[in-house]
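The values are calculated or read from the model by the stated rules, or taken from the named source; none is laboratory data. Predicted model only: the values in this text are computed from it and were never measured. When we count neighbours, we look across all protein chains shown, and the Cβ atoms used for this are built from the backbone with ideal geometry, even at glycine.
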Amino acid sequence: MQEKQGKFHYAWLILIAAICIQGGIIGVLVNCTGVIFSAIIKDLGFRSGDLSIYYTIRAFLQAAACGTTTKLFLNKNPKVVMTGLATLGLAGYVGMYFYSSLWQWYFSGILVGICMSCVLVVIPVVLNNWFAVKNGMVIGIAMAASGLAGAVFSPVLSKLILTMGWRKTAVFNGMTGFLLIAVPSILLLVRTPEEMGMKPYGWDQVKKEETARKETVTEKKSWTMPSSMFYLCAISIIVAGIMTQFGNQLPILAQSVGFSISVGAMVTSCNMVGNVFGKLAIGVLADKIGIFKSINITSVIIAASTIMLLFSGTSPVMMYAGALLLGLVYSMGTTVPPLVFMDVYGPDEYKGHLSRFQAYNSVVMALASSALPYIYDFTGSFNGALILGFIFAVLPIVTFRIVKTKADKIKNA
């Protein structure tokens with residue numbers, strides 16, 4: 001096979017495609033939902049928990065479709081698959097222009113859930129195919145795109161809602177997400193460098209150690225991780241990431257203490273800035289000090305953020321700061337899983353475990369997406385959810401230490 005590796009490698013265009021796709025699906029179609037929904041609740045009088053069932057349905061469909069979508073992407077034309085998913089996301093938002101009953105938003109949850117089913121497995125796998133080095137960094141960059149898109153579009157959407165209403169704004173949001181997904185998929189996306197007669201980026205760097213690498217892979221294949229290890233990893237990651245479902249409630253939290261839609265949108269933007277920084281930081285740190293030490297640092301910051309939000313009262317500055325730091329929690333549901341499973345199972349075996357985990361994770365997040373807002377509906381306060389968030393942030397420090405200890409013991413046996 002002829003190696004086509006010059007000064008510029010096509011892998012960087014793959015990263016650009018991944019950034020656009022992640023930004024379009026998660027950043028625009030998912031992370032900006034709370035801004036639009038806060039306006040819908042105010043206009044139509046829905047309870048927060050009732051409308052948030054949309055998030056539950058969306059997450060369940062993401063879980064149900066994850067395996068099928070991944071297989072289609074890996075075995076069929078990826079450009080057609082991604083364009084089809086983008087069309088479903090667009091339809092989910094265009095439909096909102098005509099909606100007036102709760103069940104109609106639940107139907108959109110089905111469409112958007114299927115649309116978002118690809119990102120948690122497909123993007124890390126494609127990036128790992130194209131990059132032989134700097135995997136943590138590039139996965140972190142791609143995943144951070146969702147936070148950047150959310151930070152940019154949240155205040156834009158709040159202004160559009162004020163000028164032309166939430167219905168037209170929903171259509172605008174859907175069209176933006178569609179273009180960010182479909183255009184780079186059609187123009188740039190390729191599953192593996194081998195399909196273009198290329199080697200992954202960094203191949204020259206690693207092929208000098210090819211003999212040692214092959215011996216390491218052989219050794220890793222001989223590892224026999226007990227089934228309990230998968231569940232321990234899964235529980236640790238799921239607990240760490242539960243508060244990602246609180247992000248959509250931040251505009252409602254702001255409104256509940258008397259702030260305007262514009263302030264709520266700014267809180268979401270701060271949260272998305274933290275999202276960007278957290279994913280970039282944990283990806284870079286994972287390459288430098290290892291994924292488990294990186295998780296410990298992130299967990300401490302997330303715990304601090306829940307305390308800040310809990311005691312923010314009517315202080316917008318405290319709320320902005322708490323939302324900013326809480327944004328680091330998104331790395332737990334996106335950047336962390338592929339890096340943890342790669343560390344525990346090795347580069348040849350992690351894909352199946354990652355796909356299986358994402359199905360379980362989506363189910364739990366589906367339940368959490370409704371449970372957290374219902375705490376507000378039944379108590380009139382988000383304090384209970386924030387206290388739980390503190391607990392969820394602290395527990396992974398213990399559980400991931402157990403994962404690391406057990407994995408090292410098995411590898412070194």
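Scanning region 314-353 for residues being β-branched (V, I, T) and farther than 18 Å from I238 by Cβ gives a total of 2.
Conditions tested, residue by residue: (1) closer than 16 Å to I252 by Cα; (2) among the aliphatic types (A, V, I, L, M).
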site: Y320; (1), (2): yes, no
site: E349; (1), (2): no, no
site: V364; (1), (2): no, yes
site: Y376; (1), (2): yes, no
site: D408; (1), (2): no, no
site: K411; (1), (2): no, no
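Looking only at residues of region 12-36 that are farther than 19 Å from L120 by Cα and in contact with a helix residue (DSSP H, G or I) (Cβ under 6 Å, 6 or more places away or on another chain), we find that the one that is modelled with the highest pLDDT is I36.
Yes or no, residue by residue, for (1) more than 28 Å from L127 (Cα to Cα); (2) touching an Asp or Glu at 6+ places or on another chain (Cβ under 6 Å); (3) touching a residue at least 40 places away in the same chain (Cβ under 8 Å); (4) among the basic types (K, R):
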| site | (1), (2), (3), (4) |
| --- | --- |
| T314 | yes, no, yes, no |
| G322 | yes, no, no, no |
| E349 | no, no, yes, no |
| H353 | no, no, yes, no |
| Y374 | yes, no, yes, no |
| A385 | yes, no, yes, no |
| F400 | no, no, yes, no |
| K404 | no, no, yes, yes |
| D408 | no, no, no, no |
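Condition test on A64, is it of a type in the set (G, A, S) and closer than 22 Å to M342 by Cβ? Spelling it out, it is not the case that A64 is of a type in the set (G, A, S) and closer than 22 Å to M342 by Cβ.
Name the single residue that is modelled with the lowest pLDDT among those in region 381-394 being surrounded by fewer than 17 Cβ atoms within 10 Å (Cβ to Cβ) and touching a Ser or Thr at 6+ places or on another chain (Cβ under 8 Å).
Going through region 381-394, the residues surrounded by fewer than 17 Cβ atoms within 10 Å (Cβ to Cβ) turn out to be 381, 383-384, 387, 391, 394.
Those still in the list that are touching a Ser or Thr at 6+ places or on another chain (Cβ under 8 Å) too: 381, 387, 394.
Values: S381: 83, I387: 93, V394: 94.
Once the filter is applied, the top-ranked residue is S381.
All of G197, G165, G150 fail the test of being within 23 Å of K42 (Cβ to Cβ), surrounded by fewer than 17 Cβ atoms within 10 Å (Cβ to Cβ) and out of contact with any strand residue (DSSP E or B) (no Cβ under 8 Å at 6 or more places or on another chain), apart from G165.
Pick from region 304-325 the residues that are surrounded by 20 or more Cβ atoms within 10 Å (Cβ to Cβ) and small (G, A, S): which of them is farthest from R401 (Cα to Cα)? So, considering only residues that are surrounded by 20 or more Cβ atoms within 10 Å (Cβ to Cβ) and small (G, A, S), the one farthest from R401 (Cα to Cα) is S312.
Residue-by-condition table, conditions (1) part of a helix (DSSP H, G or I); (2) at pLDDT below 85; (3) of a type in the set (V, I, T):
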| site | (1), (2), (3) |
| --- | --- |
| V344 | yes, no, yes |
| V363 | yes, yes, yes |
| A368 | yes, yes, no |
| P373 | yes, yes, no |
| D377 | yes, yes, no |
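Sub-8 Å Cβ pairs linking a first residue in region 113-125 that is touching a residue at least 60 places away in the same chain (Cβ under 8 Å) to a second residue that is surrounded by fewer than 24 Cβ atoms within 10 Å (Cβ to Cβ) and basic (K, R), at least 6 apart or interchain, are V121/K351; V125/K351, ordered by first then second residue. Could you say whether any residue in region 76-98 is crowded, with 21+ Cβ neighbours inside 10 Å, modelled with pLDDT under 90, on the phi < 0 side of the Ramachandran plot and not hydroxyl-bearing (S, T, Y)? The answer is no, given that none of the residues of region 76-98 is crowded, with 21+ Cβ neighbours inside 10 Å, modelled with pLDDT under 90, on the phi < 0 side of the Ramachandran plot and not hydroxyl-bearing (S, T, Y).
Taking (1) in contact with a Phe, Trp or Tyr (Cβ under 7 Å, 6 or more places away or on another chain); (2) free of Cβ contacts under 8 Å to residues at least 60 places away in the same chain; (3) surrounded by fewer than 21 Cβ atoms within 10 Å (Cβ to Cβ); (4) farther than 26 Å from T268 by Cα in turn, Y106 satisfies each apart from (4). V317 falls short on exactly one of the conditions (1) among the aliphatic types (A, V, I, L, M); (2) more than 29 Å from C115 (Cα to Cα); (3) in contact with a Phe, Trp or Tyr (Cβ under 9 Å, 6 or more places away or on another chain), and that condition is (3).
Has region 30-38 got any residue that is surrounded by 19 or more Cβ atoms within 10 Å (Cβ to Cβ), part of a loop (DSSP other than H, G, I, E, B), within 21 Å of the chain's Cα centre (by Cα) and in contact (Cβ under 8 Å) with a residue 40 or more places away in the chain? Before the answer, list the steps.
Initially, region 30-38 is screened for residues surrounded by 19 or more Cβ atoms within 10 Å (Cβ to Cβ), giving 30-38.
Among the residues that remain, those that are also part of a loop (DSSP other than H, G, I, E, B) are: 31-32.
From what is left, the residues that are within 21 Å of the chain's Cα centre (by Cα) are 31-32.
Still in the running and in contact (Cβ under 8 Å) with a residue 40 or more places away in the chain: 31-32.
Looking for residues that are surrounded by 19 or more Cβ atoms within 10 Å (Cβ to Cβ), part of a loop (DSSP other than H, G, I, E, B), within 21 Å of the chain's Cα centre (by Cα) and in contact (Cβ under 8 Å) with a residue 40 or more places away in the chain, one finds at least one in region 30-38, hence yes.
Going residue by residue through region 130-137, is there one that turns out to be out of contact with any strand residue (DSSP E or B) (no Cβ under 6 Å at 6 or more places or on another chain), surrounded by fewer than 22 Cβ atoms within 10 Å (Cβ to Cβ) and either modelled with pLDDT of 90 or more or of a type in the set (D, E, K, R) (or both)? Yes; the residues of region 130-137 include at least one that is out of contact with any strand residue (DSSP E or B) (no Cβ under 6 Å at 6 or more places or on another chain), surrounded by fewer than 22 Cβ atoms within 10 Å (Cβ to Cβ) and either modelled with pLDDT of 90 or more or of a type in the set (D, E, K, R) (or both).
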